[in-house]
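J.: Sharing a structure with you now.
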Amino acid sequence: MIRINCPYCGERDHSEFSYGGDATIKYPSLDSSEKEWTKAIFFRKNIKGFQLETWHHTNGCRMWLEIERSTVTHEIRSVKPCHPDLKKVVENNK
Amino acid sequence: MKTSRLKNYGKINRNNVLSFTWDNKKYKGFEGDTLASALLANNIGVVGRSFKYHRPRGIFSSGVEESGALVTVGSKDRRDPNVRATTQELYDGLKASGQNAFPNVNFDLAGINNYLGRFFASGFYYKTFMGIPPFEWGKGTAIWMFFEKFIRKAAGMGSASTLPDPDSYEHAHDFCDVIIVGSGPSGIAAAIEAAEKKLDVILVEQDSIIGGDQLSENEFDSSHIENQIKNLGIKVMTRTTAFGLYDNCVVGLLERVTDHLSLPDKTLPRQRFWTIRAKHIIVGAGAIERHIAFNNNDIPGVMTVNASKHYLNRYGVLTGKKIVITTNNDSVYETAELLSEAGANVTVLDSRTNFEIETNKTFEIRRGYVPYNINGSKKIDSLDISKSENINKYETINCDQVLLSGGWSPAVHLLSHRGVKPKWDYENACFLPSDTKENITMIGSSRGLWNKNDCIASGVAGATDALNRLGISKTNYFFPKPGGWKNPIKPLYEVKYNKSRSKSFVDYQHDVTSDDVRLAHREGFISVEHLKRYTTLGMANDQGKMGNIIGLSLMADLLNKEIPEVGTTVFRPPYTPVSIGALSGRNVGKHFRPLRVTPIHQWNTDHGAKMIEVGLYQRPWYYPKENETLSDSYIREATTVRKTVGICDVTSLGKIAIQGPDSSEFLNRIYSNGFSKLQVGKARYGIMLRDDGIVMDDGTSWRLAENEYFMTTSTGEAAKVMSWLEELLQTRWTNLNVNVTSVSEQWAGVSVAGPKSREVLNNCVDDSSVITNNNLLFMGVASTFLKGKIPCRIARISFSGELAFEVYVKSDFANTMMDLLWENAKKYDGCLYGLEALGALRVEKGHVTAAELDGRVTIDDAGLSKMASTKKSYIGSAMRKRGVLKNNDREILVGFFPANLKETFNAGTIVCEKNNIKGQGIGRITSVTYSPELRHWIGIGFVKGGLDKWKDTTLVGADPVRNKQTNLKVVSPHMIDPKGERMYA
Ligand SMILES: [Zn+2]
C-alpha cells in the first residue's frame, strides 16, 4: 500500500486518495483549437520512473496534490499542494 | 511406517488429553499436538489421496510447506477443506477427515487413476478439449459440459461448506517501528536488540508458540523466552502469518484467533486480517527443506528429515522404527543421532563420497548412495538404493520410513512480493535474497545461514541495519556469510528411474512428476512461467514451497543451462492461504457497502414507501396502497401528479454551494450553456461536458446572490462533479476566486409537482405572495420561510413537465416540511410518488437521466444542441466538434412507441432494421415505461440518424435475452405537452 504524506493531514494510506493524472500537462485555454486539446487530453507519456502526478485527498482534506512518484517502485519524492499560492504557503511554513 | 509416542520426549502437555475424530473414528492426543502429530502418534499413515492419481499420501512435513496431509476440518457450516494437518492445532472434539477419496483414504475407488496415468499427464485438459470451444455455442460445449463434472469430481481436493459462514472476521490495524517476521533464533535476537534500543517492535510467528526451528530442540523452553521478550515491551503475535509485503513497509497479517479452540468465545472473531504500517521490516522466515525426486517418492512414510526431528522433540513422536535418511548435505546428521538415540534403526545414504562428519556412530552411513525406488503402496516395505554413479545396479533395504533432504530453500517469498529477485548461490545450491533499497532486512536461514550462532548474529546485525536506516544509529555491523556446513552440499534433485514410466514426484500436491516436466519441455513449454502453467507445478496451495527448485533444476538439465539461467517463478502473496472471510472482514451482508439514507427516509417508510437502491442511496420506489402492485402504484402516482399534485423526495441529488466573486465566470466555463447573465433569483438547467466533449452530468444552478450559487447534480455523479470542480479550481484556474462546498447532507429537498402544486405550497409558506406566477416565474428562485419560520429555498423547476417546485430546507427540518406538505397535498387528493412514477413522468417528457447520459453521449446525441452555447468557450467546447462526434452515423435520442399499441418492450432492447436483425443493430432503448397519460408503453433511446431518418419506417426492437421482438415506431422524445405549456401555468 502506498503511503502518502499529505501536507495538511500527515501520512495516510493511498486508499484515502484518488489518482488524478499527469500533473505536467498545461491545459490549453478554453478557446484553443481541437488540435491543441487533442494533444493535451489524448497524447500522454507512459513514463518509466519518476513522474509528476496529481492526487486528490478525497477522503481527507480534499486538496489536490502534486506528487512525484516512481512508476516502477512507487517511491514518493515529494508531495505538494497543486495550487501555486498554497504551494508557497506550505513551502514557507517548513 | 510404525510410529509411536515416546515417554521422555516432546513439549506436549500429557496432563491434558484431547479426543478427536479422524474419518469418524475416535482417537486421543494431547494439548500441544497438531492434528498431524496426533495422527502419527496414533500410527495413522495414510491421510489423503493425491490430486490426480488418487495415490495414498501421508504427512511429508511438520509445517506450512505440507503438500500431502491436506484434510477437511469441521463439519456442516464450519467445514473447512484443504487444511494442513501439520499446522492445525489439536483441540478437544476436533473432527477431521481425509479428502479426495471415496469411501475413504484407505480404500479409494478412484485409485484406478493411478493406472490411467497417461490420461492425466501435463496438458491433459488442454489437449483433450482442443478444438472444442468451451465458451461458444455448439456441440463442443455439450461435450465439455458432459465430461467436466466427472473430471472435476475425479481431480479435486476437499469441498467447502456451501452454508453461510457462521463466524465473524475482523480487520485490524497497527503501527510500529519494526516488524519482525519469524521467531526463530535470528528473529528473537533481532527483536531483543531492537527493543533494547527503544524501538517499538512487533514479533510475528505463524506457529502457536515462538521459537521457530528451536522447537525441535529438546531443552528449548518457548514460554520462558516469550516472557523474557514481552518484558522488553515487544508485542508478540503468535498464530499470525505475515502473508504479504506491500509498498511503504505495509505488512498483511492473518491472525487465527479461534481456529485452535473447541468452544470459542462467541464475541471473538475467527480470524483477524491485520494491516501493519511499519517503518522497517525484518524477515527471519526460515528455510524449507527440499525433497528429492525418485520413483515412488510419495509413499506414506516419506518425510523431510527436519520434520522427523520436530515430531520427535516437540511432539514426542518417533516417526519410524527402521529409518533410511537420504541426503546430499550435512544438516541431517544431528537428526540421525537423535533418532537412533530414541530407539530407531537409522541408515544414512549420503550422495557425497568425500566428506568428514563427526557422529556418535550409532548409525550406518553409506557414502555415494542415492534412493532409487520405494517398494510399497500404502506404506513403505523397502527402499531400492544405488550408487550415484551407477543407478542401474541397486540393492534393497528393508525399512518403514524414508527421510529426505535435498538441501534447503531460504524462504525468500516475502521479499519476492516486493519484486526483489533472489540470486542463485552455487555453493549452497539455493536461491538467496538480494539486497533491496526498501527498508527490509533478511536474517537467519532465510538469508542462507545454516547454523544457529550465525543466525543469532544476523538477528543483531538486522536490528542494527534497521536502526541505521531509520537514522537512529550509525553503528557498523556485518552479516555472517551464507552457508555454515563443514562439507559442501552436492546438488541432487532427481534420481532417474529407468524401468518404465516413473512416478517420481516433483510437486506432490498437484501430482506433477519429473516425466511431466520432460513432457512440457518436449512440447516447447520451456519458459518457467509456461512450465508452471502447463504442468501446474507450484500452483497448489503450498505454492511449490518444496518442489519448485526441483522443477527448475530438471528444466535446466533439459535445456543444458544452469538454474539461474532458467529463472525462478515470482512468488506472490499470500505466503499461505488467506480465507475469503478474513478478506471481507465485517463487510458482509448489510455491511457489504455503506448505506445512505436521506433525512426523510424514516418519514417515507412510515408513509408506506417501498425503497430501492440508487447507488448507495435508499430512495422511495413507490407507495403502494393496500394490495397495489408496483405497476398499479406507479401508474396511480404518475396519474395523480398530472391531475392534481404529488410529492417526491429528491434529497439524494448532489448539492454544492458555490461562492466567491468569480462564481459566475466559473459556472460559465463549466456549463455548456451561458450562465454569465443569469440574474439573482433565477435558476438554470445546465449541462457539463468532460474535456473530451462527452456529457458528464446535468443539473441546475440557482443564483442566490451576486456571488453565491446553489448547484444540484444528479444522484450518481454528485461525488465526481464535486471532485471535478475542486480539481479545476486547484489545478487549472487557480486565479479564480471561488469556493466550492458540498452541502448534500445539509439540505433535504422535495419536488412538489402537478397542477395543484402552487395551491399546496400557498398553504405551507409563510408569505404566499412570494410564489405567485408573477413573483416566481418559471425557473425562479426564492429564499423564504415555511410556516413556523422554517427557512427554505424554493425554485420553480420541473422534471415531470407539470407546474412544479423544488423545496429545500435544512436537513433537521425535513420531517416538519414533509408533515406540512403532505397534510396540505392530501386536501387536493395529492399523493406521494417514488422513483418509478418519476421515471414514467420524465420518459413521457423525453428528459434524460443517467440511463441515457452513460458517458458515451454528446449534447447533440441527447437532442440538447440548443444547450451548447455558440457565444462562449467552455469545457469540452472544442472537443465536442471533433470528427467522430460529428458524423452522421451517431445515435440520436428519440422516442419509441410499439407499432401495435397493445404490445410492450423492455429497456435494453436493440433497435434493428426489419430485415437486418443482428449484431448491435442501429440503436438501443434505454428507458421504458407504461405511460399513464398515453395509455400504452413508451420508451426513449437512441437510433442512428434520429427521428428524421426513421419517422415513417417501422423498426424492430430485438430482445434476444428475453427472446422477444416488437415492431417499433420512432417518435419525438417529447411525447407529452411538447411546448411545455403546463410548466408555465
Ligand atoms: Zn489531506
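J.: Please average, across the residues of B:872-878, the number of beta carbons from any other chain that are within 10 Å of each residue's own beta carbon, and give a whole number.
T.: If you average over the peptide's residues, the count of other-chain Cβ atoms is 4.
J.: Calculate, axis by axis, the spread of Cα positions in region B:782-937 along the three principal axes, and write the results as whole Å, longest axis first.
T.: 63, 47, 22
J.: I've got another one for you. Taking each residue in B:386-397, count the Cβ atoms of any other chain within 10 Å of its Cβ, then average. What number comes out?
T.: Mean number of neighbouring Cβ atoms from other chains: 0.
J.: For the peptides B:271-277, B:38-44, what is the packing order when you average, over each peptide's residues, the other Cβ atoms within 10 Å and list the highest mean first?
T.: Packing proxy ranking, top to bottom: B:38-44, B:271-277.
J.: Once you charge only the Cβ atoms, +1 for Lys and Arg and -1 for Asp and Glu, what is the size of the charge dipole of the protein assembly as shown about its Cα centre, to the nearest 20 debye?
T.: Approximately 1860 debye in magnitude.
J.: Kindly rank B:288-301, B:424-437 from highest to lowest mean number of other beta carbons found within 10 Å of each residue.
T.: Per-residue Cβ counts within 10 Å, averaged per peptide and sorted highest first, yield B:288-301, B:424-437.
J.: Using unit Cβ charges (K, R positive; D, E negative) and no other charged atoms, how large, in debye to the nearest 20, is the dipole of region A:20-93 about its Cα centre?
T.: Around 160 debye, computed over region A:20-93.
J.: Moving on. If the label point is 7 Å along Cα→Cβ of B:VAL884, which residues in region B:664-696 have backbone nitrogen under 20 Å from it?
T.: B:689-696
J.: Rounded to the nearest 20 debye, what is the charge dipole size of region B:654-742 about its Cα centre when +1 sits on each Lys and Arg Cβ and -1 on each Asp and Glu Cβ?
T.: Its charge dipole is roughly 240 debye.
J.: In addition: Inverting the mean 1/r over all pairs of different Cα atoms, compute the Kirkwood radius of region B:175-320 and quote it in Å.
T.: 16.9
J.: Please report the orientation-averaged projected area of region B:1-119, defined via the convex hull of its C-alpha atoms, in nm².
T.: About 8.1 nm², averaged over all directions.
J.: What is the log10 of I(q)/I(0) for region A:20-93, computed with the Debye formula using one identical point scatterer on each Cα and no solvent, at q = 0.13, 0.22, 0.23, 0.26 Å⁻¹?
T.: The computed values of log10 I(q)/I(0) come out as -0.48, -1.05, -1.09, -1.16.
J.: Per DSSP helix of 4 or more residues, -39500 (n - 2.57); summed, then divided by the residues of chain B. What does that give at 222 nm, rounded to the nearest 500?
T.: It lands at -6000 deg cm²/dmol.
J.: Could you pull out which residues in region B:886-901 have an amide N less than 18 Å from a spot 7 Å beyond the Cα of B:LYS944, following the Cα-Cβ vector?
T.: Under 18 Å, as judged by backbone N against the label point of B:LYS944, lie B:886-894 of region B:886-901.
J.: Give me the distance in nm between label points sitting 7 Å out from Cα along the Cα-to-Cβ direction at B:SER208 and B:GLU196, one decimal.
T.: 3.2
J.: Still on this structure: What is the ratio of the Cα radius of gyration of region B:444-581 to 2.2 N^0.38 Å, with N the residue count, to two decimals?
T.: The reported ratio for this selection is 1.36.
J.: Could you pull out every residue, at least 5 positions away or on a different chain, whose amide H is within less than 5 Å of the one on B:TYR315? Hs are placed 1.01 Å off N in the peptide plane, and Pro or chain starts have none.
T.: B:LYS11
J.: Is region B:294-415 rounded, prolate or oblate when judged by the Cα gyration tensor, a ≥ b ≥ c being the square roots of its eigenvalues, rounded requiring a/c under 1.5 and prolate requiring a/b larger than b/c?
T.: Rounded is the answer for region B:294-415, as its axis ratio a/c remains below 1.5.
J.: Another question, then. Determine the gain in length on full extension of the stretch B:GLU745-B:GLU341; use 0.36 nm per residue of separation and subtract their C-alpha separation, reporting nm with one decimal.
T.: 137.8 nm
J.: In nm, give the distance between the simple-model label positions of B:LEU901 and A:ARG62, each being 7 Å from the Cα along the Cα-to-Cβ direction.
T.: A separation of 5.0 nm, rounded to one decimal place.
J.: Ok, one more. Take the Cα of B:VAL961, step 7 Å along the line toward its Cβ, and report every residue of region B:590-632 whose backbone nitrogen sits under 19 Å from that point.
T.: B:613-615
J.: Please list 3J(HN,Hα) in residue order for region B:889-906, calculated via the Karplus relation 6.51 cos²θ - 1.76 cosθ + 1.60 where θ = phi - 60°; whole Hz, with x for glycine and proline.
T.: Taking θ as phi minus 60°, the curve returns 8, 4, 7, 10, 5, 9, x, 10, 10, x, 4, 9, 4, 7, 8, 10, 8, 10 Hz for region B:889-906.
J.: Measure off 7 Å from each Cα along the Cα-to-Cβ vector at B:ASP247 and B:PHE778, then give the distance between these two points in nanometres to one decimal.
T.: 5.2
J.: List the trypsin sites (Lys or Arg not before Pro) in region B:875-953 that DSSP assigns to loop (not H, G, I, E or B) and whose Cβ has at most 13 other Cβ atoms within 10 Å. Which are they?
T.: The qualifying sites are B:LYS886, B:LYS902, B:LYS914, B:LYS918, B:ARG935, B:LYS951.
J.: Give the angle, between 0 and 90 degrees and rounded to the nearest 10, that separates the Cα long axis of helix B:718-727 from the longest principal axis of the Cα atoms of chain B.
T.: 90
J.: Based on the alpha-carbon gyration tensor of region B:654-742 and its eigenvalue square roots a ≥ b ≥ c, which shape applies: rounded if a/c is under 1.5, prolate if not and a/b is larger than b/c, or oblate?
T.: Taking the square roots of the gyration eigenvalues as a ≥ b ≥ c, region B:654-742 is rounded.
J.: To continue, here is another question. Calculate how large, on average over all directions, the projected area of the Cα convex hull of chain B is; give the answer in nm² to one decimal.
T.: One quarter of the hull surface, i.e. the mean projection, equals 49.5 nm².
J.: Report the Stokes-Einstein translational diffusion coefficient (µm² s⁻¹, integer) for the protein assembly as shown, Rh taken as the Kirkwood radius over Cα pairs, at 4 °C with viscosity 1.567 mPa s.
T.: Estimated diffusion coefficient is 38 µm²/s.
J.: Something else now. Can you work out ³J(HN,Hα) from phi for every residue in region B:351-366, in order, using Karplus 6.51 cos²θ - 1.76 cosθ + 1.60 and θ = phi - 60°, giving whole Hz and x for Gly and Pro?
T.: 5, 8, 10, 9, 7, 10, 9, 9, 9, 7, 6, 8, 9, 8, 10, 10
J.: Sequence-distant or interchain residues sharing an amide H contact under 5 Å with B:ARG366, placed H: which?
T.: B:VAL348, B:LEU349, B:ASP350
J.: Would you please give the residues with an amide H less than 5 Å from that of B:VAL971, counting only those at least 5 places away or on a separate chain, with H modeled from the backbone geometry?
T.: Long-range HN contacts for B:VAL971: B:GLY895, B:PHE896, B:PHE897.
J.: Provide the packing ranking of B:556-569, B:445-458, i.e. peptides ordered by the mean count of other C-beta atoms within 10 Å per residue, highest first.
T.: B:445-458, B:556-569
J.: Taking +1 at the Cβ of each Lys and Arg and -1 at the Cβ of each Asp and Glu, which of B:PRO577, B:SER877, B:VAL64 sits farthest along the dipole of the protein assembly as shown towards its positive end, judged by Cα position relative to the Cα centre?
T.: Selected residue: B:SER877.
J.: Now for a different question. Over the alpha-carbon set of region B:874-985, divide Rg by the Kirkwood Rh and report the Rg/Rh ratio to two decimals.
T.: Using Cα coordinates only, the ratio equals 1.03.
J.: Which whole number gives the average, over all residues in B:236-248, of C-beta atoms from other chains lying within 10 Å of the residue C-beta?
T.: Mean inter-chain Cβ contacts per residue within 10 Å come to 2.
J.: Hey, with R₀ at 35 Å, roughly what FRET efficiency would B:LYS827 and B:TYR930 work out to, going by the Cβ-Cβ distance, to 0.05?
T.: E(calc), rounded to 0.05, equals 0.80.
J.: Here is a follow-up. If R0 is 60 Å, what FRET efficiency do you get for B:ARG593 and B:ASN487 from their C-beta distance, rounded to 0.05?
T.: 0.50
J.: On to the next question. State the extension gain, in nm to one decimal, for the chain segment bounded by B:ILE526 and B:LYS76, taking 0.36 nm per residue of separation less the distance between their alpha-carbons.
T.: Taking B:ILE526 through B:LYS76 to full extension adds about 157.6 nm, to one decimal.
J.: Here is a further query. Karplus couplings for region B:932-944 from phi (6.51 cos²θ - 1.76 cosθ + 1.60, θ = phi - 60°), rounded to Hz, Gly and Pro as x?
T.: Running phi through 6.51 cos²θ - 1.76 cosθ + 1.60 with θ = phi - 60° gives x, 6, 8, 6, 7, 6, 9, x, 10, x, 10, 9, 4 Hz.
J.: Ok, one more. Among the aspartates and glutamates, which have Cα under 18 Å from the Cα of B:LYS590 when same-chain residues fewer than 8 positions away are ignored?
T.: Hits, sequence-local ones excluded: B:ASP165, B:ASP167, B:GLU170, B:GLU613.
A short reminder: the numbers here are calculations on the coordinates, not readings from a lab. Every value quoted in this text rests on a predicted model; they were computed, and no experiment measured them. With ideal geometry, Cβ positions are generated from the backbone for all residues, glycine too; neighbour counts draw on all protein chains shown.
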